[in-house]
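The values are calculated or read from the model by the stated rules, or taken from the named source; none is laboratory data. No experiment lies behind these values; they were computed from the predicted model shown. We place every Cβ from the backbone using ideal geometry, glycine too, and count neighbours over all the protein chains shown. Ligands, DNA and RNA are excluded from the accessible area calculation, which covers all protein heavy atoms including side chains. Shrake-Rupley method; radii C 1.70, N 1.55, O 1.52, S 1.80 Å.
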Amino acid sequence: MFGTLSDRLSGILSGLTRRGSLTEEDVNAALREVRRALLEADVALEVVRSFTDKVRERAVGAEVLKSVTPGQQVIKIVNDVLIETLGGEGEGINFDAVPPVPVLMVGLQGSGKTTSTAKIAKRLTERHKKKVLMASLDTRRPAAMEQLAILGSQVGVQTLPIVAGQSAVQIARRAVEAARLGGFDVVMLDTAGRVTLDDTLMAEVAEVKAATSPHEVLLVADALTGQDAVNTARAFDARVGLTGIVLTRMDGDSRGGAALSMRAVTGKPIKLVGIGEKVDELDEFHPSRVANRILG
Ligand code: GDP
């Protein structure tokens, strides 16, 4: 009967005509709908729990303002907690370090890692006037190395020449050295992905990290994979240590659950979002827009 969460909350609470403060009973009825909507948006169960606890804590006993209905009051509290949980607005790439600043891109195969590497390099070049070098460390998939080279020529960003037979760590060291000698500001390292999380992948990424001391370690994750994206984020953060997340395919019909869960589980900011296949379809992260998707 009611479509969006906002509508459903207004519906449930429309019977409350008395003024004063919200009772536990009123809030519990609303929280059942919040819980359902978050689960429908593919938010991880543990995050749903802590989220509804936070809303309950803030809502029970809250005075209903004269200017709004109880429904609107609860919706506002849910919206505020959503935005707080999603974190800060517009946190971009941090390249505040001695150049060349290494940026490590990690994630599963197919998440959009190589495309996002090129998108970010393009943005750093055009908007921030940085001289960027990109290197693919995917020694097992020559096609991935070629893909980065093709994207590089498309966006006007140099890629490290491919030398056959080198390990990921050797390529990474060579990239940092070439960036230093060539006067580059940023060196972006596109690590190999795998179809699923595996230990060899993690060990390789950890080794590259140790060899290059990156200033940013960005996990690229597909928003449409929901709970899997959360598990990936947790695993990479535990093993490698992330500084931020790039969430791709936000142009799809994801309800934004992955964004909320990944941020809540890892505490790491979502720095940028992919909004299409084209090289300029990259956007800053706007928590209020994701809150709107969830709340409707
Ligand atoms: P990788 O294996 O992680 O390096 O993934 P790729 O960068 O090769 O991307 C896999 C596919 O996803 C490609 O067809 C990309 O064009 C597409 N892709 C990447 N980012 C986005 C995005 O934000 N939105 C959409 N719709 N497609 C994307």
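The relative contact order of region 209-296 comes to 27 percent, based on Cα pairs under 8 Å that sit 6 or more residues apart. Relative to the longest principal axis of the chain, what angle (0 to 90°, nearest 10) does the C-alpha long axis of helix 70-86 take? So the inclination is approximately 20 degrees.
In the full protein context, the chain carries 45 Å² of accessible surface per residue, based on a 1.4 Å probe and ignoring ligands, DNA and RNA. Based on alpha-carbon centroids, what's the gap between region 1-78 and region 140-191 in Å, whole number please? Cα centroid of region 1-78 versus Cα centroid of region 140-191: 50 Å apart. The angle separating the long axis of helix 45-59 from the principal Cα axis of greatest extent in the chain is about 50 degrees.
The phi torsions of region 240-251, fed into the Karplus equation with coefficients 6.51, -1.76 and 1.60 and a -60° offset, translate into couplings of 10, x, 9, 10, x, 10, 10, 9, 9, 6, 6, 7 Hz, rounded to whole numbers, with Gly and Pro shown as x.
Amide hydrogen proximity for residue 217: with H placed 1.01 Å from N in the peptide plane, the residues at 5 or more positions away or on another chain lying under 5 Å are 104, 243, 244. Helices in the chain, meaning DSSP H runs of at least 4 residues, each add -39500 (n - 2.57). Divided by all residues, the mean residue ellipticity at 222 nm is -15500 deg cm²/dmol. Seen from all directions on average, region 99-183 presents a Cα convex hull projection of 5.2 nm².
The HN-Hα couplings worked out from phi for region 226-235 by the Karplus form 6.51 cos²θ - 1.76 cosθ + 1.60 (θ = phi - 60°) are x, 4, 5, 4, 5, 5, 4, 4, 5, 5 Hz, whole numbers, x standing for Gly and Pro.
A Förster radius of 25 Å combined with the Cβ-Cβ distance from residue 58 to residue 4 puts the calculated FRET efficiency at roughly 0.75.
Put simply, the amide H of residue 44, placed in the peptide plane, has neighbours under 5 Å in 261, leaving out anything fewer than 5 places away on its chain.
For the chain, the equivalent ellipsoid derived from the Cα gyration tensor has semi-axes of 43, 17, 15 Å, listed largest first.
A dipole drawn for the chain from +1 and -1 charges on Cβ atoms has a positive end, and of 120, 41, 227 the residue lying farthest that way is 120. Lys and Arg at +1, Asp and Glu at -1: add these up for the other residues within a Cβ distance under 11 Å of residue 266 and post the number. Net local charge, residue 266 excluded: +2. Assuming charge only on the beta carbon of Lys and Arg (+1) and of Asp and Glu (-1), the dipole of the chain about its Cα centre is about 280 debye to the nearest 20. Taking amide hydrogens as placed 1.01 Å from N in the peptide plane, the amide H of residue 222 sits under 5 Å from those of 248, each at least 5 positions away in sequence or on another chain. Backbone phi angles across region 107-120, fed through the Karplus curve with coefficients 6.51, -1.76 and 1.60 (θ = phi - 60°), yield HN-Hα couplings of x, 7, 4, x, 6, x, 5, 5, 4, 5, 4, 5, 4, 5 Hz in residue order; Gly and Pro are listed as x. Across the chain, the relative contact order, built from alpha-carbon pairs under 8 Å that are at least six residues apart, equals 24 percent. Rounded to the nearest 10 square angstrom, residue 65 shows an accessible area of 100 square angstrom against a 1.4 Å probe. When each of the peptides 190-197, 125-132 is scored by the mean number of other C-beta atoms lying within 10 Å of its residues, the order from highest to lowest reads 190-197, 125-132. Axis of helix 24-40 versus longest Cα principal axis of the chain: the two differ by about 30°, to the nearest ten degrees. The stretch between residue 198 and residue 24, if pulled fully straight at 0.36 nm per residue, gains 58.1 nm over its current Cα-Cα span. Placing dummy labels 7 Å off each Cα toward the beta-carbon, the span from residue 49 to residue 163 is 5.2 nm.
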